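Structure first, commentary second.
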Amino acid sequence: MRGTTTTLRRRLLPTAIACGIAAVTVPARAAAPATTEPSSDPPAGPDARFRDPGRRPWARCTDEVDPCMRPRPARVLLLSLGALGGGVAAGLLFALGDRLAPGDPATLLVGTGALAGAGALVGMAAGRLGADQAALSDRVRPSVASLDWTVAQPTNLDEREPHTLALRWAPTWRFADGSRVRLVGHFGGWPRPREQVDPRPQVQAADDGRDGTAPRSLSQRQLSASVGLDWAVNLPYPAVRRPDRSSFLGPADIRWRPTFEFRRDSYELGDASTPRTVERTMLLPLTAGARWYLSPRQRFTFYVGPRFDMIAYAEPGQDGLSRGRGVQLGPIYGEAWYDIDIPLTPGRRRDGQLRRADVNAMLTMGYVHSRFDGRGFNFGPVVGFLGPFHLGWITRVRPHGSKLAIQAGASARLGNGFSGTLDVGLVVPDFGPGGRRR
Amino acid sequence: MRRLGWLALSVSLSGSPGCVRPECADADYGDPECRVIAENELARLRTADGVEIRFADPREEDATTWEARGLLRESASEGVVARIAGPGDFALSLQRQAGDPGATFLRLDNVDQDATITVVDGGESLEVEAEGFVPSSRQLVFTLDDEVPLWVRGRIPCPGRYRIAALGDIQTNPTQFARIAEALSTERLRAAQLGEPLLALMIVGDLSEATRDEEFEALHDIIDRLPFPVMTTPGNHDVYRPTRPYYNLSFGPGTHEATLCNAKLVMLDTGSGAIATSVQARLPELFDRDEAEVLIVGMHHPVYPGQTGAGWSREDQAAHVMSELAIARADLVVAGHAHALHDFSGIDVGDVQLREIITGTGGATQGIADPRFGYVRITIDGGEMDTCFVEVPPPGYDGPTGDDLPNLPNCPASD
């Protein structure tokens, strides 16, 4: 009992320090294990729940995972919550006829609910295909450093859509109790400017420097950066140990991710006007969230928080930026993600030899409730309410026994069109006592 | 070596321009850039008998170019119709390009009842008396003998103090909008007696629910009877059927400007939750006050949405627009999209504070609560501007249903 209390105190202490509050005394729970995320280890002793192949109820525990996780009811619950939340929010929007002043949380719920529902459905399909097994010991996590390349292709004559390059980082410090803090961020931008033309018929003119007749109207460059912390603390699981059969739906952790996002756009407008510089800053100091492990290999994560915007610009002919004093309370910020781990090298080779590398992948689906980067998902007359949806696949390759791994991925973003991103990154062990243990 | 070959191929493919064509070669009028092309094409017309008619800046003397300041169409039933897109002075050039000299019939729509029409032929100016079937329409007949351009110019009398009305989001309720239009006609008479005439109505989008011709025609039946010009821009409900530029074919440009006495009025087509990049490139030109003392910019999607959830799909463009509004020291942004009345005063952009009023109160459903329909009245007196809200409740309500907003009170009933 004493040992359990100590463990819980140690686990919550980093959070308490991070949040600037005093550590609280947590009442001791009966036999609650020091949980992190789902274990990849089989249970230590025989367990009747796993030994009865004839008894396979729909809401059964996942094989060989202790404590028990019940992916099927968990996914049905997520699907129901997603449908309910999204449906109620959409109903509220229609019932109130767009007149609700703080209507943004409702649109966030619509996007998040849609993602939760879609994730649960894909998760069900993956579960049917055998994904509900013990957690992967080396699942995909953010690379400690990676390079992103967003591919762009112009569709109009004499226009240029810039590729985007970004260096991302996410080194992780893991505490002994499994909690972790991650320094997240990126630095990047457009290596070449975006070029746009003016298609108005009255300004068309032949020019040797162009393939067509439309004059250049706008040239834009962008610099992009962000930095933040992503703090995750595991919640006890099971929260209450019941003497009878387990009815738990999976562990969870809570998160706090203060982030600072910055974009600097430089414009050349037409031929005559003075170049313009616009800086946009998005402050997300109170973004909090949670992750729900619906099965050992499936997770639903969401973040939500207020957003504060600052816009600075340079007056024509002046070098300095007019930054002003105030920040605007912007639309609410939110994210929702559904991740599915997929092992690509299960077991040994056919000849019985160990594989030279362990290869695992992750399918990720996401919704980001922010149009900060000019991406919004529109359909029909529903314009300007939703942020972009994401779909990605990331593969981790770790040479057998190596501390280093590489990750490569491809993702698509749906919002104001379609964009694809390729990334490659390096994985090193987490820092800190928990990282060394892992 | 083979791997290097694949790498070289991949790099060359990624850097190649691929299959590119001129903008809107495949027309998709959900794309704001295609609407820019449409609205500019529709501002000039070669008539069936060979006369080139073009809308121009009222100060323009050169007939070789044109601007999207109106809509021109010709039909067997109506002849040539020129719908002026905004209030204030206007100009059209007419020039015979082909065909035999002969009479050209021209109907001007959306003209102020008190405007004077002048025909300028070479060095001669002639003020013409012209009337139409409704106060905002005039019918003219010209004989164009040679290739010298003839100009039709309109001017309105400018008092020191005058009013502009603004609203958005009519959508499924043109009946309620007709009540608002009647209130506007009444105000026009009363305000003229007070020496501060109502000179224009700005409708900031969502004139229709489903981008259908019959919806636009029903709205024309209402606004064409108003004795002052109506300046419009599309909303998301006006442009989401992308097969034809329905809005532009009915109302003309979505992005346009007008100078009304000492006020510059600008409309931005944000119907797609963004503006065309060619419009983005022209923002300094559009927001240039020239000699105007007041700058009012209208758009459907609020450039600053607050927590309404109804903002631009491209926030990067919205931020650029806000910076240009700050550079131009815009006095007021009028928007719709949210079916409500909001007043955002003190939006910080650099060292400048902008003001935005959302007035999606033109008739569209406001849900289960008491609806608050009506329009924002903007009174301009020299370089000063005053705003209040005129509520036009639907039948059955005994009076206004909404309270004063901190900086936007209900207008006094006596005015």
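Quick notes on this structure:
- Qualifying residue in region B:369-384 (condition: surrounded by fewer than 24 Cβ atoms within 10 Å (Cβ to Cβ), over 22 Å from B:Arg188 (Cα atoms) and either modelled with pLDDT under 95 or touching a strand residue (DSSP E or B) at 6+ places or on another chain (Cβ under 9 Å) (or both)): yes
- Given (1) among the polar types (S, T, N, Q); (2) within 17 Å of the chain's Cα centre (by Cα); (3) farther than 18 Å from B:Asn110 by Cβ; (4) away from chain A (no Cβ under 14 Å), index of the condition B:Ser250 fails: (3)
- Screening B:Thr259 against (1) within 12 Å of another protein chain (Cβ to nearest Cβ); (2) surrounded by fewer than 24 Cβ atoms within 10 Å (Cβ to Cβ); (3) of a type in the set (Ser, Thr, Tyr) leaves a single unmet condition, (1).
- Test set (1) surrounded by 13 or more Cβ atoms within 10 Å (Cβ to Cβ); (2) away from chain A (no Cβ under 14 Å); (3) not small (Gly, Ala, Ser) - B:Gln97 fails condition number: (1)
- Annotation: A:Ile311 fulfils all but one of (1) surrounded by fewer than 22 Cβ atoms within 10 Å (Cβ to Cβ); (2) within 28 Å of A:Pro388 (Cα to Cα); (3) within 13 Å of chain B (Cβ to nearest Cβ); the unmet one is (1).
- Looking across region A:266-309, the residues that are hydrophobic (A, V, I, L, M, F, W, C) and assigned to a loop (DSSP other than H, G, I, E, B) come down to A:Ala272, A:Leu286.
- Residue within region B:254-264 that is acidic (Asp, Glu) and farther than 29 Å from A:Tyr333 by Cα present: yes
- Options A:Ala145, A:Ala214, A:Ala176: the member that is closer than 25 Å to A:Glu268 by Cβ and out of contact with any Lys or Arg (no Cβ under 6 Å at 6 or more places or on another chain): A:Ala214
- Within region B:130-167, the residues that satisfy the criterion of being in contact (Cβ under 8 Å) with a residue 12 or more places away in the chain and among the charged types (D, E, K, R) are B:Arg138, B:Asp145, B:Asp146, B:Glu147, B:Arg153, B:Arg155, B:Arg161, B:Arg163.
- Matching entry among B:Leu283, B:Leu265 (being of a type outside the set (Ser, Thr, Tyr) and farther than 20 Å from A:Glu315 by Cβ): B:Leu265
- Region A:164-221, residues that are in contact with a His (Cβ under 9 Å, 6 or more places away or on another chain) and charged (D, E, K, R): A:Arg168, A:Arg192
- The numbered conditions (1) more than 7 Å from chain A (Cβ to nearest Cβ); (2) touching a residue at least 12 places away in the same chain (Cβ under 8 Å); (3) farther than 27 Å from B:Thr186 by Cβ; (4) out of contact with any Phe, Trp or Tyr (no Cβ under 8 Å at 6 or more places or on another chain) are all true for B:Val333 except (4).
- The set of residues in region A:148-168 that are part of a strand (DSSP E or B), over 16 Å from B:Cys24 (Cα atoms) and either within 11 Å of another protein chain (Cβ to nearest Cβ) or among the polar types (S, T, N, Q) (or both) comprises A:Trp149, A:Thr150, A:Val151, A:Thr164.
- Residue count for region B:300-319, restricted to those that are more than 24 Å from B:Cys388 (Cα to Cα) and more than 8 Å from chain A (Cβ to nearest Cβ): 1
- Within region A:320-345, the set of residues being assigned to a loop (DSSP other than H, G, I, E, B), more than 14 Å from B:Ala326 (Cβ to Cβ) and within 14 Å of another protein chain (Cβ to nearest Cβ) comprises A:Gly320, A:Val327, A:Gly330, A:Pro331, A:Ile332.
- All told, B:His342 falls short of being within 7 Å of chain A (Cβ to nearest Cβ) and at pLDDT 95 or above.
- Selection count, region B:47-79, where residues are within 21 Å of the chain's Cα centre (by Cα) and crowded, with 19+ Cβ neighbours inside 10 Å: 11
- Residues that are free of Cβ contacts under 8 Å to residues at least 40 places away in the same chain and of a type in the set (Lys, Arg), drawn from region B:55-72: B:Arg59
- Residues that are crowded, with 24+ Cβ neighbours inside 10 Å, more than 9 Å from chain A (Cβ to nearest Cβ) and over 15 Å from A:Gly384 (Cβ atoms), drawn from region B:320-329: B:Leu325
The values are calculated or read from the model by the stated rules, or taken from the named source; none is laboratory data. The structure displayed is predicted, hence computed values, not measured ones. All Cβ positions, glycine included, derive from the backbone under ideal geometry; neighbour counts span all protein chains shown.
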